[in-house]
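The values are calculated or read from the model by the stated rules, or taken from the named source; none is laboratory data. This is a predicted model, so every value here is computed, not measured. Virtual Cβ from ideal backbone geometry, glycine too; neighbours counted across all protein chains shown. Note: accessible area is taken over every heavy atom of the protein model, side chains too, but ligands, DNA and RNA are not part of it. Shrake-Rupley method; radii C 1.70, N 1.55, O 1.52, S 1.80 Å.
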Amino acid sequence: MGSPETRERPDDGVSDEPASKRVKLDVAPAASSGENDSQKPPRVKGLATIKKEYLITAPGQRVPEPEAIDDDAAEGRTAPDPRDGQQKGPKGGKRKKQQGQNKERTFGTFSDTIRLCNSVAWTPEFSPRPCKQGERCNALHDLRKYLKEGRRGDIEIFGGVCPVWEKYGQCPSGWRCLFLSSHMKEIEHADGRKELVLVGSEKPSVDGEEAEEKPEEKRYGVVNDIPPSIKFDLSKKRVNFEKSDQYLEWLAKDTELYRVHHHRQKDDVDESKDYRAQYVEPPFKPSEKRKIYFGRETPALAPLTTQGNLPFRRLCVELGAEITYSEMALGLPVLQGQKADWTLMRAHESEVLPPRFNPSGPVEQCYDNSKDLRFGVQITANAPWIAIKSAEALTRFLPHLRLIDINCGCPIDMVFKTGAGSALLDTPSKLERMIRGMNAVSGEIPITAKIRMGVSDHKLTAQKLIERLTLGGPEMRDQQGAPGCAAVTLHGRTRQQRYTRAADWSYIGECAALIKQYNTTKNDLQDTICEVEENSLPNGGKMYFLGNGDCYSHVDYFDHVDNAKVDTVMIGRGAIVKPWIFEEIEKGQYLDKSASERLTYIEKFARYGMEAWGSDELGLNYTRRFLLEFLSFFNRYVPIGLLEYLPPNLNERPPAYRGRNDLETLLASKDYKDWIKISEMFLGPAPTEFRFQPKHKSNSYEIEAEG
Ligand SMILES: Cc1cc2nc3c(=O)[nH]c(=O)nc-3n(C[C@H](O)[C@H](O)[C@H](O)COP(=O)(O)O)c2cc1C
């Protein structure tokens with residue numbers, strides 16, 4: 001097979017001209033062709049109306065009901081993540097069965113048949129590093145034997161040329177790379193001995209400096225990769241959190257004072273129980289925060305567990321995402337130095353560039369775009385001490401950080417039952433303390449929050465919470481000023497509702513109006529009630545507001561910015577189903593991407609995956625696993641040229657249809673075996689032991705049938 005760039009792709013009947021040159025569909029296709037709307041079938045709620053020529057129905061048969069997909073399952077970390085090492089489940093007790101969810105997913109094992117010792121895995125054949133295990137080492141040290149018997153042969157994709165080596169001149173997977181023959185050679189020494197060497201590893205690193213980093217630790221273009229020694233020190237509790245400790249000592253006294261004040265009788269005049277009278281200032285104030293900006297020109301990619309991995313975010317940034325977030329990490333494992341949670345903090349170098357900024361837009365005081373960056377991290381925690389110490393750790397060890405977001409929307413039981421995630425919506429004063437404390441220890445890094453409308457459908461709490469996040473709770477507000485939350489994102493659903501029903505954008509709009517009002521009140525308050533130094537509040541006191549839910553086209557996006565009046569829109573599933581949504585927003589028009597263009601995004605994901613995780617058996621199959629996770633959403637895209645009505649709606653499911661060509665039909669397949677086939681186009685044959693189960697059963701016909 002030739003390199004994917006040159007290899008012939010099936011003709012998909014849609015022009016392969018660059019998207020920007022093609023005629024765009026700015027109006028519903030039927031309307032643009034002058035067809036009368038009355039000739040179209042009516043638009044039915046929840047159903048994507050496919051043009052009849054693409055429907056798969058036998059003559060006289062009714063259009064079959066589309067299957068319902070429940071995204072709850074996808075949101076949780078329901079299965080061990082292969083990057084996690086050992087991922088522990090929730091403590092004790094049975095978990096409530098979640099309908100339709102594939103729990104306990106396994107992905108098989110994918111490693112070489114014989115393990116090559118690290119002491120020889122990157123070095124020339126005759127110069128191994130000393131083996132740390134010495135005599136006790138049971139891995140293989142004989143390179144030639146390993147190449148013959150210890151691994152499968154090279155794969156033939158990309159013309160057999162290692163995509164990482166081709167790009168960077170070195171391959172961190174060394175002798176384990178599955179494109180090894182493209183970067184190894186045998187040299188003959190003067191004494192006639194023949195030695196195997198890796199091409200490129202004899203050179204200095206690509207940066208032009210002598211490589212201090214071991215080749216296996218090098219990941220090109222990846223930042224925020226903290227050294228193992230820090231994780232080790234964290235795990236041994238050897239890291240000093242002096243700032244947090246000092247703050248937490250004060251916080252414990254303040255919380256107790258507040259508790260006594262809160263529970264005293266109305267007529268109790270004892271001053272020792274009066275919060276205001278007894279209030280003591282915290283040991284230090286937050287430092288001046290770096291200014292950030294959210295605007296019309298900065299669509300944001302939502303934090304997405306599993307899906308929002310580094311290769312996927314890199315793809316989205318390339319397609320126009322201006323703000324990105326890590327997958328959610330749990331505060332406690334961060335503090336314990338757990339590799340899996342720190343791995344989530346890695347970012348691609350494209351994410352540390354400044355986001356787009358239109359200086360002629362609404363002027364943001366003192367905003368220096370050149371100091372801003374795209375990538376923020378997200379954590380959740382159930383106790384202030386965890387949130388505060390995590391914030392200090394993240395700030396101290398991650399050099400590239402836009403903000404730290406606290407997830408108060410996570411609905412999954414495993415998180416909610418511990419009091420973290422969306423449980424924080426019902427403990428607003430705890431949340432406020434967390435944010436104040438995180439702000440105090442996070443140096444110049446701003447703190448933000450992501451919330452839902454409430455926990456239960458019957459009690460929407462977001463408006464009250466937003467008041468608190470902007471101004472502070474009544475007592476704390478008077479003493480300490482505003483909590484300094486730099487931005488709030490509201491997902492327009494409740495926890496109870498999960499993904500049923502559309503996101504409530506009118507509620508989001510009401511909250512946007514409230515925030516505008518509170519932002520003004522806050523400025524007045526600052527001037528009068530308390531003497532908070534202006535620079536201790538982020539963005540000079542302005543709290544940004546991001547709306548979130550169901551955004552699936554530039555039409556949705558601009559509707560929300562213009563009518564709900566949010567600063568920007570955060571996009572989740574819409575970006576996984578259709579990553580070029582960001583390009584549509586930038587260009588302000590629909591893009592009817594051909595199947596072959598969509599295939600190039602899959603190829604990019606595969607290449608970016610190998611760069612981030614390696615091109616050896618392990619890295620390649622991590623890439624495959626996360627590519628399949630991506631495809632489990634990507635197949636939902638219904639090409640707009642097939643639709644009777646625009647704008648397309650994320651929550652509308654299509655009946656069975658065929659694409660405009662075979663590739664388009666293949667990309668719409670709901671059968672996970674087809675997804676594996678697609679992965680094989682760019683990652684070579686899946687090992688026989690490789691398994692994949694989508695997070696939700698309805699993503700796969702076969703599993704559904706088995707279940
Ligand atoms: C697969 C998946 C993973 C998610 N992971 C997270 C997460 O880690 N943190 C978070 O705050 N929200 C997470 N969410 C929620 C999204 O960020 C977003 O709020 C939600 O999907 C609604 O936006 P949408 O309608 O644009 O998808 C996740 C959602 C999905 C579907």
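Structural remarks
- Label-to-label distance, nm, for residues given as Ser370 and Thr427 (7 Å Cα→Cβ offset): 4.4 nm
- Shape of the range 550-669, Cα gyration tensor, a/c cut at 1.5: oblate
- Take the Cα of Ile230, step 7 Å toward its Cβ, do the same at Lys339, and the gap between the two points is 1.7 nm.
- Ranked by the mean number of other Cβ atoms within 10 Å of their residues, highest first, the peptides 373-380, 394-401 fall in the order 373-380, 394-401.
- Relative contact order (percent, whole number), the range 534-580, Cα cutoff 8 Å, 6+ residue spacing: 40 percent
- Peptides ranked, highest mean first, by Cβ atoms within 10 Å: ranges 135-143, 437-445: 437-445, 135-143
- Accessible surface of Tyr247 - all protein chains present, 1.4 Å probe, nearest 10 Å²: 10 Å²
- Distance in nm between pseudo-label sites at Lys253 and Leu147 (7 Å out along the Cβ direction from Cα): 6.9 nm
- Rounded FRET efficiency, nearest 0.05, which uses the C-beta distance separating Tyr279 from Ser506 and R0 of 30 Å: 0.15
- Links that overshoot a 30 Å alpha carbon limit, given the list Lys417/Lys604; Lys194/Lys218; Lys148/Lys670; Lys253/Lys565; Lys289/Lys587: Lys417/Lys604; Lys148/Lys670; Lys253/Lys565; Lys289/Lys587
- Theoretical FRET efficiency, 1/(1+(r/R0)^6), r = Cβ-Cβ of Arg691 and Gln589, R0 35 Å, to 0.05: 0.30
- Between Ala656 and Glu53, the contour length at 0.36 nm per residue exceeds the alpha carbon distance by 215.9 nm.
- Potential extension, Ser287-Ser181 segment - 0.36 nm per residue separation minus Cα distance: 32.8 nm
- Relative protection proxy for 278-284, 634-640, from highest mean packing down: 634-640, 278-284 (other beta-carbon atoms within 10 angstrom).
- Relative to one another, the C-alpha centroids of the range 119-171 and the range 392-431 are positioned 41 Å apart.
- For Lys40 and Cys131, a Förster radius of 41 Å and the Cβ-Cβ distance give a FRET efficiency of 0.05, rounded to the nearest 0.05.
- Of Gly609, Ile585, Ser553, farthest towards positive along the dipole that unit charges on Lys, Arg, Asp, Glu beta carbons give the range 551-616: Gly609
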